[in-house]
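S.K.: There's a structure below that I have some questions on.
The values are calculated or read from the model by the stated rules, or taken from the named source; none is laboratory data. Remember, predicted model here, so these are calculated numbers, not experimental data. Quick reminder, even Gly has a Cβ in these numbers, built from the backbone with ideal geometry, and neighbours come from all protein chains shown.
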Amino acid sequence: MVELEELPGVGPATAAKLKEAGYTSLETLAVAAPKELSTTVDIGESTAQKIIQSAREQLEIGYSTALEFYEIRKVVGRITTGSEQLDAVLGGGIETNGITEFYGPFRSGKTQICHELCIKTQLPPEKGGLGGGALYVDTEGTFRPERLVQMMEKEDLEIDSALQNVVYARAYNSDHQILLIEEAPNIIQEKNIKLVIVDALTSYFRSEYIGRGTLAERQQKLNKHLHQLLRLAEVHHLAVVVANQVMARPDMFFGDPTAPVGGHIVAHACTTRVYLRKSKGDRRVARVVDSPCLPESEAVFVIKEDGIGDP
Ligand code: ADP
Ligand code: MG
């Protein structure tokens, strides 16, 4: 395997800068965008372009046939949500190599699903997991290890080691949130992380950028953040799950007048989008609204003391 400093045009100094910025492997470089690489590492855009190109050549990245891609897609893993109905509308659970977005109003179950997935991802594949750890970026201060303990009671897991398999960080603003994801590759390898959660994706972006004047800047930052998440998913073959708030749509008089925050930027980056809403008691309705190969469909699940399940 070729090291970063062996790439044409990359000396030890540039290699160190690249690594510091989170570009620790040829894979991360090969999928980088020239403009982004040039600004984050402070090198010229044409140099950035050349570095990306040679990383791609080393990895032989380019066109492939549908058959080759089909083979790659076969290694895509899935994590069960704990509800058979919800898994079914998701095509068998939460997919790796992409971003799944759960959006919905307050108390619709977004954070509960994120917690349940931290447990499920640790299970062996025959039980619906990926035998790996989870990384949780919490922007709203709602992560609760006690809740994980309640949820793991139904599983055959040892409490202390299961808690050790969940790496947690509280993000304090949008820059910190972005930084935590930029720094994730090392932890991902060290702890065999198979699930990265951002709960919630847009809360800071929404509160920090008020008013239309800064909307473009906010969207640009959010776009970069989402592409970093997507890159983590593809390079490390893991699942990324983001929770997202909804905003009122006063222009809509019929149907559900809510839309996920972040607009087209979030819509384009997320592979699968699931809208959650409250129903009677502990029941919740999940609707898969956007997926490359799933029909639009609904599932009912429940949130109980021991976690997510079927009614
Ligand atoms: P949000 O979509 O705002 O992230 P949550 O995922 O935090 O919403 O869902 C909160 C809801 O989850 C609570 O209103 C409650 O119905 C349910 N819930 C939370 N903890 C428990 C528990 N220990 N036992 C049963 N239900 C719970
Ligand atoms: Mg929440």
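S.K.: Which of (1) buried (at least 20 other Cβ atoms within 10 Å of the Cβ); (2) within 16 Å of ligand 2 (Cβ to nearest atom); (3) of a type outside the set (Val, Ile, Thr) does Lys120 not meet, given it meets every other one?
M.R.: Against the list (1) buried (at least 20 other Cβ atoms within 10 Å of the Cβ); (2) within 16 Å of ligand 2 (Cβ to nearest atom); (3) of a type outside the set (Val, Ile, Thr), Lys120 comes up short only on (2).
S.K.: Can I ask one more? Would you check which residues across the stretch 141-169 are surrounded by 15 or more Cβ atoms within 10 Å (Cβ to Cβ), of a type outside the set (Phe, Trp, Tyr) and not in a helix (DSSP H, G or I) and list them?
M.R.: Listed by number, the residues that qualify are Thr142, Glu155, Leu157, Asn165, Val166, Val167, Ala169.
S.K.: Test of understanding: among Glu71, Glu116, which residue is in contact (Cβ under 8 Å) with a residue 60 or more places away in the chain and charged (D, E, K, R)? Walk me through how you get there before you give the answer.
M.R.: On the way: Glu71 fails: in contact (Cβ under 8 Å) with a residue 60 or more places away in the chain.
Only one candidate qualifies: Glu116.
S.K.: Provide a single number: the residues in the stretch 192-245 that are within 16 Å of ligand 1 (Cβ to nearest atom) and assigned to a strand (DSSP E or B).
M.R.: 7
S.K.: For the stretch 90-113, which residues satisfy the criterion of being closer than 17 Å to Thr139 by Cα, out of contact with any Ser or Thr (no Cβ under 9 Å at 6 or more places or on another chain) and either more than 8 Å from ligand 1 (Cβ to nearest atom) or in a helix (DSSP H, G or I) (or both)?
M.R.: Across the stretch 90-113, the qualifying residues are Lys110, Gln112.
S.K.: Next up: Does the stretch 262-279 contain any residue that is in a loop (DSSP other than H, G, I, E, B) and modelled with pLDDT of 90 or more? I'd like the intermediate steps shown before the answer.
M.R.: At the first step, the residues of the stretch 262-279 found to be in a loop (DSSP other than H, G, I, E, B) are 262, 270-271, 279.
From what is left, the residues that are modelled with pLDDT of 90 or more are 279.
Checked against the condition, which is being in a loop (DSSP other than H, G, I, E, B) and modelled with pLDDT of 90 or more, the stretch 262-279 yields at least one hit.
S.K.: Between a first residue in the stretch 139-161 that is farther than 19 Å from Ala171 by Cβ and a second residue that is within 16 Å of ligand 1 (Cβ to nearest atom) and part of a loop (DSSP other than H, G, I, E, B), which pairs have beta carbons less than 8 Å apart while being 6 or more apart in sequence or on different chains?
M.R.: Gln150/Glu305; Gln150/Asp306; Met151/Asp306; Glu153/Asp306; Lys154/Asp306
To keep it simple, each residue is scored yes or no on (1) closer than 16 Å to His236 by Cβ; (2) away from ligand 2 (no atom under 16 Å from the Cβ); (3) out of contact with any helix residue (DSSP H, G or I) (no Cβ under 6 Å at 6 or more places or on another chain).
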site	(1), (2), (3)
Gly132	yes, yes, yes
Arg170	no, no, yes
Ser174	no, yes, no
Leu179	no, yes, yes
Ile193	yes, yes, yes
Ala200	no, no, yes
Tyr204	no, no, no
Ser207	no, no, yes
